[in-house]
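The structure under discussion appears below in the form of structure tokens.
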Amino acid sequence: MNKRFSEEQVIGFLGEAEAGLPIKELCLLHGFSEASNYLWRSEFGGMSVPDAKQLKELEAENTRLEKLLAESLVEIEVTREALRKKW
């Protein structure tokens, strides 16, 4: 997503489009491309601002948990290798 606009702004733009404002006019008015509009609609379509914030928090938590899992798997593999060498 283009970081020039916040998620709240993007959801506002999508709301304006749903309210009936033509896409071309909306893009010219706010200064983004039609391609950005369609990309945002696929990502944020039908979401409210609290939903988008919750999604962002969940994605961050998921990333953190994936990192913890990967570190744990590495530790387990190192421990197994060390035990194999002892016997």
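Every read-out reported here was derived from the displayed coordinates using simple, explicitly stated rules and does not represent laboratory data. Small disclaimer: the values here were computed from a predicted structure and weren't measured. Backbone-built Cβ (ideal geometry, glycine too); neighbour counts: all protein chains shown.
What the table below lists for this structure:
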read-out: Those helices (runs of 4 or more DSSP H) lying entirely in the chain with at least 3 residues among the hydroxyl-bearing types (Ser, Thr, Tyr); value: 34-44, 49-86
read-out: Scan of the range 22-65 for residues that are among the basic types (Lys, Arg) and either surrounded by 13 or more Cβ atoms within 10 Å (Cβ to Cβ) or within 15 Å of Ser6 (Cα to Cα) (or both), ordered by number; value: Arg41, Lys53, Lys56
